[in-house]
Amino acid sequence: MDIQTIELISMRAWPALEEVDYDGWRLRSAKGYTGRANSVYPFSAGMVALDEKIDHCERFYAERGLKTRFKLTAPRSLPNWITPSKRAATPSSRRPTCSRSI
């Protein structure tokens, strides 16, 4: 079983009150209860520019009074379309961080 299948299963096991698909990403909101149900699952690169997608996510969560969180299984599981050069060029406020030890 691949990691994306496991992520889909876990997402269904811990549902959010609101889910919105946006260009290959799923934005989930549950009024702030738990990080998993209030985070973005980036499943595919899609067609929209990465910065524009991040801006969209930030607006989505800001409208709900929530912090923007991205569900990444582990640093090495960052999608291959987020290249090291793109991550390095990302402003520090947008660099991937881990809220828990892995």
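Note on the range 7-37: residues that are of a type in the set (Val, Ile, Thr) and at pLDDT 90 or above amount to 1.
Scanning the range 48-75 for residues that are hydroxyl-bearing (Ser, Thr, Tyr) and either in a loop (DSSP other than H, G, I, E, B) or farther than 18 Å from Pro15 by Cα (or both) returns Thr68, Thr73. For the range 46-64, indicate whether the set of residues that are crowded, with 17+ Cβ neighbours inside 10 Å and of a type in the set (Gly, Ala, Ser) is non-empty. Within the range 46-64, none of the residues are crowded, with 17+ Cβ neighbours inside 10 Å and of a type in the set (Gly, Ala, Ser). When Ala74 is tested against (1) closer than 23 Å to Asp2 by Cβ; (2) at pLDDT 85 or above; (3) exposed (fewer than 15 other Cβ atoms within 10 Å of the Cβ), exactly one condition is not met: (2). Just so you know, in the range 1-22 the residues that are touching a residue at least 12 places away in the same chain (Cβ under 8 Å) and under 16 Å from Thr68 (Cβ atoms) include one that is surrounded by the most Cβ atoms within 10 Å (Cβ to Cβ), and it is Ala16.
The residues of the range 1-47 that are in a loop (DSSP other than H, G, I, E, B), touching an Asp or Glu at 6+ places or on another chain (Cβ under 7 Å) and either over 23 Å from Glu58 (Cβ atoms) or of a type in the set (Gly, Ala, Ser) (or both) amount to a single one, Gly46.
With respect to the conditions (1) in contact with a strand residue (DSSP E or B) (Cβ under 9 Å, 6 or more places away or on another chain); (2) at pLDDT below 95, His56 lacks only one, and its number is (2).
The values are calculated or read from the model by the stated rules, or taken from the named source; none is laboratory data. Treat the numbers as computed from the prediction; the structure is a model and nothing was measured. When we count neighbours, we look across all protein chains shown, and the Cβ atoms used for this are built from the backbone with ideal geometry, even at glycine.
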